[in-house]
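Single-structure report; data block below.
Quick note: the coordinates plus some simple rules give every number you see, no bench work behind them. Quantities reported herein were computed from a predicted structural model and do not represent experimental measurements. Positions of Cβ are generated from backbone atoms using ideal geometry, with glycine treated the same way; all protein chains shown enter the neighbour counts.
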Amino acid sequence: MYDSLILLMVLSLFLGCGCWLFFVWGVKKGEFDDLERPKHRMLDDDDEEKGEKK
Amino acid sequence: MSVQPDICFHCGAQIPVGVVVEKQVEGATLRFCCKGCLGAYLLITGAGLSSFYTRRDTEEAGVGSNAYQAGFDDAGLAAFVRHSGHSDSIDVIIDGIRCAACVWLNETFIGRLDGVEQVRVNYATNRANIVYDPSRTTPATLFARISELGYLPRPYTRSAAQESADREQRDLLIRFGTAFFLTMQLMAYSFALYAGYFQGIGHEIKYILQLFSLLVTAPVIFYSGWPFLSGAWRGLKNSAPTMDLLIVIGALSSFLYSIYATFNGGEVYFETAAMIVTLILAGRLLENYAKRRACSGTERLLGLTVGTATRITGEHQEQVAIADIRTGDILLVGAGERFPVDGRIQEGSADVDESPATGEPLPVLKQTGDRLTAGSINLTGTVRIICDHPAADSFVARVARLVEEAQNRRAPIQGLADRIASLFVPGVLLLGLGTFFWQYRLLDNPLETALMTSLAVVLIACPCALGLATPTAIVAGTGAAAAAGVIFKGGDILERLSSITVTVFDKTGTVTCGTPQVQEIRPAPGIDPLELLTLAASVESGSLHPIARAIIGHAAESGAAQRSASGLRTVAGGGVSGMVEDSPVLVGNERFLRECGVPELPENQTTSPGGTMVFVARDGQYAGSIMLSDSLRDEARDVIAYFRKQQVRSLLLSGDRRETVQFTVDALGLEGGTGELTPADKTVRVEQLRAAGETVLMAGDGINDAPALSAADVGCAIAGGTDIAIETSDLVLARPDLSRLVTAHTIARHTMAIVRQNLGWAFIYNLVGIPLAMSGLLTPIYAAAAMALSSLCVVGNSLRLTVKRYV
């Protein structure tokens, strides 16, 4: 009866490990070095034309 | 003249009187403070990026007015370029970035330049990484284009120390991330166990859950908690128990207890062990971020130290690195440049601002044969100098060595948390032993019960609240300080600042403005004072000399209209002559006017110490004089009064003349002052004070203050001061405003009050928890709940610091 439970717990650990590896990869790539700029980046670039018309 | 200060459309700085540049745009008139700003405006709008002006969100003017002067050449920048494959890259600090729109503007603009392949600007550090094709563009072109935009680019190299700090930060982030992820998994098992505790649970399933808990907790303790383990070991080896040891005892005792309980039946404390490590890692991480933010803040305040100089060999001029200058080399130093080495003037004469080196506020005339000190600034004409000492022996280098010596002498100071830990750790261990003894011998409980009860006491006594008490308060405190324009370079500085007993001020540039101000106007009989001011201001209008700027500024304030002057001629160390409305006007010192044949100069008038007289003549007749002196900062008096109220003594140490120092001491109500001190003397004075048991705050801005700044318990530099002072200080005021020192001190005191409250709270938690644990009544579920509650209280209390508005 506990077999399925243990299987699920191990599975969840593996899933979690996948996320963890993804996180470690992100840190090593420097994705967490600048926490300010990215949130502004999405607002940029698309309204350049407006600036030209002004 | 307008009463409302004119604001430059581009840079937002106040437009100095008489230099406004106007531009008609679609019917509206835009006003700029200089051609540079107008050029930048045209460049930005021309590139179709004019939405910058509506996007930006900034309140303060940033880059100084002389920011546009720096020149760049490829030879000098070559050392900063990194090669990879067919493209090169260079790291640049872009000065003047103040908001997200600036970042956007720079990224978009640089990205469109020919040959640029990729550009990324880091908003937090103002650092840009530019990847470009070396066959299509050069670093100097890029730099020139950035400075045309109105920003000041500086090459950036990572020092080994920064490199390792970056690595450490990433390492810490991974350790924290791992701990966080595993603790999440652990909580799922723990909740199942909690439910089992209340509703009943089968032995087998409980055992499985506990085994899984053990599996995920072990890496948290031994991988994520490694910094604490090694720190605790170091502390033990030096027989100085630290905070780390306390954390390790708490985590290890609950971990070992839980392993025992897993295999022998009973409740486990795994989540307590994992939580302690995770939460305290979070505190460390936050503290590190605050520190890095402070470092990049000071990085931005540092100016461009002269990296190269112009050497003359025969008819040939070349740019050489300062380290390559040899004794006897002939160098060319233009107006506005810093002298790179100590030397003598070979040809030419110039007014030299020596205030960074000596503290003397007024420029000194240097002529052929006069000695010059490295670090002082050439204000007027281009001169040729002969190098006396290579850069490694220059005045600045000698001061740098003094700084290093002072830093080496400074013993590390034990923080409050570590002081508490050194008492707490032995106390907790004794309590554990006592419990064991009490349970085993007096109550005759079995050995196992006695052992478990005493372990429970130890783990309850080492709560996370104690570990979180200091870091959270310090992060909140440094954050509040940064918002108020005060940059703390580390958390321990808040602690030291809150307990200072003596403040030592430098004079020039610290309690005074560092630039002369008009004090008094003495017209000759029959001449209107305003007229006198107008004449002087009109003739001085083109000059960069601090006295000229003071007179022009004063004229604008008092409403004296400037008239156009022609035929202006400057004599270094003398004055200026020119024509104002067909009458020749002379403005300068006494000797200059005498040499120009002006009769009837008044006899030596009394001047206050540190003051300078400027004489004015029209049509060859003496018209009056203007007295200037380096005036005290408006806020200096209040700052000193504040410190007196806090029972902190204030002293003045200056390189300036004794009478001037005494005058300042009397005017500000300081408790004492000494003049004519060399940089080494200042250091000795500070060290004497410290030896006498005082905690010393030193505030200064000059090269000559640097050794004393690093010798003091807390060194405070002021923005606009010299680089070396900013670098060697612990605390930087981001604006030249002394009242921020009061803000800094207030924040430091509040932060330490919060830390004490937090520690007090953790102590109360112990007071309740330990008796419960000793009697063996405490169950894991209550221990976990109490721990979460106390941690929340501590974090919430610390956050109060960020809510309060300083400034």
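Not counting the cut sites, what is the longest span of chain B without trypsin sites (Lys or Arg not before Pro) that DSSP labels loop and that have at most 16 other Cβ atoms within 10 Å?
Working: sites that count: B:Arg56, B:Arg136, B:Arg158, B:Arg326, B:Arg410, B:Arg563, B:Arg657, B:Lys804, B:Arg805.
That gives B:159-325 as the longest site-free run.
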Among the listed pairs B:Lys489/B:Lys682; A:Lys28/B:Lys237; B:Lys237/B:Lys682; A:Lys28/B:Lys804; A:Lys28/B:Lys291; A:Lys29/B:Lys804, which are separated by more than 26 Å between their Cα atoms?
A:Lys28/B:Lys237; B:Lys237/B:Lys682; A:Lys28/B:Lys804; A:Lys29/B:Lys804
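Which order results if B:Trp104, B:Trp438, B:Trp226 are arranged by neighbouring Cβ count within 10 Å, fewest first? It would help to have the intermediate numbers written out before the result.
Working: B:Trp104 24, B:Trp438 16, B:Trp226 13.
Ranking B:Trp104, B:Trp438, B:Trp226 by Cβ neighbours within 10 Å, fewest first, gives B:Trp226, B:Trp438, B:Trp104.
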P(r) histogram, all alpha-carbon pairs of the protein assembly as shown included - 10 Å bins from 0, percent
2, 10, 17, 20, 19, 13, 8, 5, 3, 1, 0, 0
Over the protein assembly as shown, the sum of -39500 (n - 2.57) across DSSP H runs of at least four, divided by residue number and rounded to 500 deg cm²/dmol, gives at 222 nm -16000 deg cm²/dmol
Residues whose placed amide H lies under 5 Å from that of B:Gly336, excluding near-sequence neighbours:
B:Asn378, B:Leu379, B:Thr380
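Please compute the average number of Cβ atoms from other chains found within 10 Å of each residue's Cβ in peptide B:178-185. Can you show the working numbers first?
Working: counts 3, 0, 2, 5, 4, 0, 2, 6.
Taking the mean over all residues of the peptide, I get 3.
For peptide B:618-626, what's the mean number of Cβ atoms from other chains within 10 Å of each residue's Cβ? Could the numbers behind the result be given before it?
Working: counts 0, 0, 0, 0, 0, 0, 0, 0, 0.
Neighbouring Cβ atoms belonging to other protein chains average 0 per residue here.
Of A:Phe23, B:Phe255, B:Phe198, how do they rank once you tally other Cβ atoms within 10 Å and put the fewest first?
In order of increasing Cβ crowding within 10 Å: B:Phe198, A:Phe23, B:Phe255.
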Inside 10 Å of the C-beta atoms of B:709-719, what's the mean count of C-beta atoms belonging to other chains?
0
Largest-first principal axis extents, alpha carbons of chain B, Å:
111, 63, 56
Along principal axes, largest first, the alpha-carbon spread of the stretch B:514-631 in whole Å comes out as 35, 30, 29
